[in-house]
Amino acid sequence: MKINWKIFILLSLILVSCAKAGWEGNYFCELEQGEAAPGQAVVVEHELALGKSSCQLTVNGFQVAEDIVCKYEAIENGIRIQFVSYSDGSTKNRYGIEVYKPLETLFDLHGDQDTPVTQWASLHAEELKGQSSDCFKKE
């Protein structure tokens, strides 16, 4: 029985690795979040770079500029993007505030890898937590 469990575990690891591999690449999302003043749109741009063993998220726009080192893992029908640290290695932002906890889910991407559905979690939590959108597109 030990050999069967070893084979099962090995096959499971291979499947998870293959599931992640299809998501490798660069994704872009331009998110409009209302207006700051009449006629002045609040726009936040997201660039997500997924490599074989790397994950980088850059968020820039209205009152936000973050470079985040992330981790991604395969989930059912997609991937989960989790916070690791900011690009300087700290878990605190430039103002000394810990916005995200290590390995906290920022968002999930589901479905088609070229035009996935985004399920928002901690990233933009006040405005979007729990909502879905078609924001990210593979470049």
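Quick check, is Leu123 assigned to a loop (DSSP other than H, G, I, E, B), of a type in the set (A, V, I, L, M), closer than 22 Å to Glu76 by Cα and in contact with a His (Cβ under 9 Å, 6 or more places away or on another chain)? Yes; evaluated as a whole, the condition is true for this residue. Scoring Glu127 on the criteria (1) surrounded by fewer than 15 Cβ atoms within 10 Å (Cβ to Cβ); (2) touching an Asp or Glu at 6+ places or on another chain (Cβ under 6 Å) leaves a single failure, condition (2). Which ones in segment 40-54 are β-branched (Val, Ile, Thr) and either in contact with a Pro (Cβ under 8 Å, 6 or more places away or on another chain) or touching a residue at least 24 places away in the same chain (Cβ under 8 Å) (or both)? Listed by number, the list holds a single entry, Val44. Evaluating Thr115 against the criteria (1) under 24 Å from Val43 (Cα atoms); (2) surrounded by 19 or more Cβ atoms within 10 Å (Cβ to Cβ) leaves one unmet condition, (2). Every test in (1) exposed (fewer than 12 other Cβ atoms within 10 Å of the Cβ); (2) small (Gly, Ala, Ser); (3) touching a strand residue (DSSP E or B) at 6+ places or on another chain (Cβ under 9 Å); (4) on the phi < 0 side of the Ramachandran plot is passed by Ser122 save one, and that test is (1).
The numbers here are math on the coordinates, done by the rules we state, and not lab data. The structure displayed is predicted, hence computed values, not measured ones. All Cβ positions, glycine included, derive from the backbone under ideal geometry; neighbour counts span all protein chains shown.
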